[in-house]
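A short reminder: the numbers here are calculations on the coordinates, not readings from a lab. What you see is a predicted model, and the numbers here were worked out from it, not measured in a lab. As a convention, Cβ positions derive from the backbone with ideal geometry for all residues, glycine included, and neighbour counts pool all protein chains shown.
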Amino acid sequence: MEIKKLIGQYLDANVYIVSKNGKCLIVDGGAFLYDLIKAVGNNRVVGILLTHGHYDHSCHVLDYANFYKCKIYASEKIKDTLTDPVAIYSKHGETIDDFSRFEFIGEDKTIQIDEFKVDCYYCPGHSKCCECYLIDGKLFSGDVLFKKGIGRTDLKNSSKDEMFESLCKLEKLTFEEAYSGHGEKSTYQTQMKNIAVFKRFLTR
Ligand SMILES: [Zn+2]
């Protein structure tokens, strides 16, 4: 499995292209479609995973889904974020209201998208709609876990208590590397230390 990274239009949000055997999944939608098409190359896009609804991660996702004619997988809570001009944190109050290409994930579950087995973990805290995805030992953690820290919990639909519970959930997983919504990737060992520190921080 190969992972390519693009930097998005806003706040340097990451977009990942996860490819295997000529097929790929896209994680998040913050980069321009033109840049994504170049990075995807000859791979066939089989689906898009959204880690959460904030506009830096979602702004171009409908362009991707309409161009590649594929589904967008996301937490069922994402509608509340995408349709709310405050909660989505878009630059000029833009919202996303077309859900025709979305497939919603309920509680934690494993989904099969073509040949990709994706373990989905609902991880609210940064936002109500955060979902982390584990694919072949790689954790796509969105704005829940960063290389140095965790996502903000002072935004609309954030919750410190929910973030604590989400960190407890992620702490139990086994993975090789975490690919965050911003910044560099990190190792499992780094994240176990990170989670331990921030669990204490959140309960102080
Ligand atoms: Zn965010």
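Take every pair of alpha-carbon atoms less than 8 Å apart whose residues are at least six positions apart; their mean separation over the length of the chain yields a relative contact order of 15 percent. Evaluating 6.51 cos²θ - 1.76 cosθ + 1.60 at θ = phi - 60° for every residue in the stretch 73-86, the Karplus couplings come out as 9, 7, 4, 5, 7, 5, 4, 4, 7, 5, 8, 9, x, 8 Hz, glycine and proline recorded as x.
Residues whose amide H lies under 5 Å from that of GLN9, counting only those 5 or more places away or on a different chain, are ALA31, PHE32; hydrogens are built 1.01 Å from N in the peptide plane.
Computed extension gain for ASP97 through CYS168, at 0.36 nm per residue and net of the alpha carbon distance, reaches 22.3 nm. What you get for the chain, charging only the Cβ of Lys and Arg (+1) and of Asp and Glu (-1), is a dipole of about 480 debye around the Cα centre.
Binning the alpha carbon pair distances of the stretch 18-112 at 10 angstrom intervals from zero yields the distribution 17, 50, 29, 5, 0, expressed in whole percent. Karplus-derived 3J(HN,Hα) values for the stretch 53-58, using 6.51 cos²θ - 1.76 cosθ + 1.60 with θ = phi - 60°, are x, 3, 4, 5, 9, 10 Hz; glycine and proline are entered as x.
Ranking of ILE48, ILE195 by neighbouring Cβ atoms within 10 Å, starting from the fewest: ILE195, ILE48.
Applying 1/(1 + (r/R0)^6) with r as the Cβ-Cβ distance of THR110 and THR203 and R0 = 30 angstrom yields a FRET efficiency of 0.45.
Derived from the Cα gyration tensor, the three semi-axes of the equivalent ellipsoid of the chain are 24, 20, 15 Å, largest first. Counting neighbouring beta carbons within 10 Å and listing from fewest to most, the residues THR110, THR51, THR187 come out as THR110, THR187, THR51. Find how many whole Å separate the alpha carbon centroid of the stretch 22-52 from the alpha carbon centroid of the stretch 137-165. Value for the Cα centre distance between the two parts: 23 Å. Take every DSSP beta bridge with both residues inside the chain and express the antiparallel ones as a percent of the total, to the nearest 5. Once the DSSP bridges in the chain are tallied, antiparallel ones form about 65 percent. For the residue pairs LYS23/LYS172; LYS23/LYS128; LYS128/LYS148; LYS4/LYS109; LYS79/LYS148, the C-alpha atoms sit more than 27 angstrom apart in LYS23/LYS172; LYS23/LYS128; LYS79/LYS148. Computed packing ranks the peptides 123-129, 63-69 as 123-129, 63-69, most packed first, by mean other Cβ atoms within 10 Å. Values of log10 I(q)/I(0) for the stretch 106-204 across q = 0.10, 0.20, 0.22 Å⁻¹ run -0.24, -0.95, -1.14, by the Debye formula with one identical scatterer at each alpha carbon and no solvent.
With runs of 4+ DSSP H residues as the only contributors, calculate the mean residue ellipticity of the chain at 222 nm using -39,500 (n - 2.57) per run, divided by the residue total and rounded to the nearest 500. Walk me through the intermediate numbers first.
Working: 6 runs with 53 residues, N = 204.
For the chain, the value works out to -7500 deg cm²/dmol.
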